[in-house]
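All remarks here apply to the structure that follows.
The values are calculated or read from the model by the stated rules, or taken from the named source; none is laboratory data. All values reported here derive from a predicted model rather than from experimental measurement. Areas reflect the complete protein model, heavy atoms only, side chains present, ligands, DNA and RNA absent. Shrake-Rupley method; radii C 1.70, N 1.55, O 1.52, S 1.80 Å.
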Amino acid sequence: ASAAIKRYVELGNALNATALDAIGTRYVCLLNATQLRGIHPSSLKLASLNPSACAQETKNILYQKAKEAFSDQHHLPAYYELILPYLGGAPAADLKVLSKDDVNMNMSTFVTLRRDSLM
C-alpha cells in the first residue's frame, strides 16, 4: 500500500478527498510527513479519516490540517464533532480552548490525546 501511494503521488496526483477516502483510515498512517503536508486542508472536509492509531507526528500534522480546514466553523457547536478524529494531535492551548466550549469528550477520545498536551 505504501508503494502504491508513493507511486500515485510521484505521478503528480494530489492527495485530495477522493484519494484520502481510497487510502482510508487503514492506510493513512503509511503517509510520510511530506505527503501529509501536501494534503490541502479542504480535502479533510470531504474525507472520512481517523488517525488515532497513527504515529504522533502523523496525528500532529493532520490535526493542524483539520484545524485549518474547519476554522470557519470553530464557533459552531458542530466544530467539536468535525475536529474530533484529529484531536490526538492537538496542542495544550487548543485543548484549553475546547474545554471552555463545554464539550463532552468520551474516554476513548481522551486516551488518544497527546500526553504532553494533557500535562
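How large a share of the accessible area of the range 1-117, in percent, is made up of carbon and sulfur atoms when the probe is 1.4 Å and the other protein chains stay in place? Kindly include the intermediate steps, with their values, before the conclusion.
On the way: 3680 of 6850 Å².
Answer for the range 1-117: carbon and sulfur cover 54 percent of the accessible area.
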Checklist entry - According to the Cα gyration tensor, what semi-axes, each the square root of 5 times an eigenvalue, does the equivalent ellipsoid of the range 36-90 have, listed from largest to smallest in whole Å? => result 17, 12, 9
Next on the checklist: Residue by residue through the range 77-92, what is 3J(HN,Hα) from phi via Karplus (6.51 cos²θ - 1.76 cosθ + 1.60, θ = phi - 60°)? Round to whole Hz and write x for glycine and proline.
Outcome noted: x, 6, 4, 4, 5, 6, 8, 3, x, 9, 4, x, x, 6, x, 4
Next on the checklist: Can you give me the C-alpha center-to-center distance between the range 76-106 and the range 1-58, rounded to a whole angstrom?
Outcome noted: 22
Checklist entry - Hey, what angle do you get for helix 56-69 against the long axis of the chain, alpha-carbon based, 0 to 90 degrees rounded to 10? => result 80
Checklist entry - Reported to two decimal places, what Rg/Rh ratio describes the chain when computed on Cα atoms with Rh from the Kirkwood expression? => result 0.98
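Based on DSSP H runs of at least 4 residues, each adding -39500 (n - 2.57), what is the mean residue ellipticity at 222 nm of the chain after dividing by all its residues, to the nearest 500 deg cm²/dmol?
Working: 9 runs with 68 residues, N = 119.
Taken over the chain, the calculation gives -15000 deg cm²/dmol.
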Checklist outcome for this item: Computed over the chain, protein heavy atoms only, probe 1.4 angstrom, the accessible area per residue in square angstrom equals 60
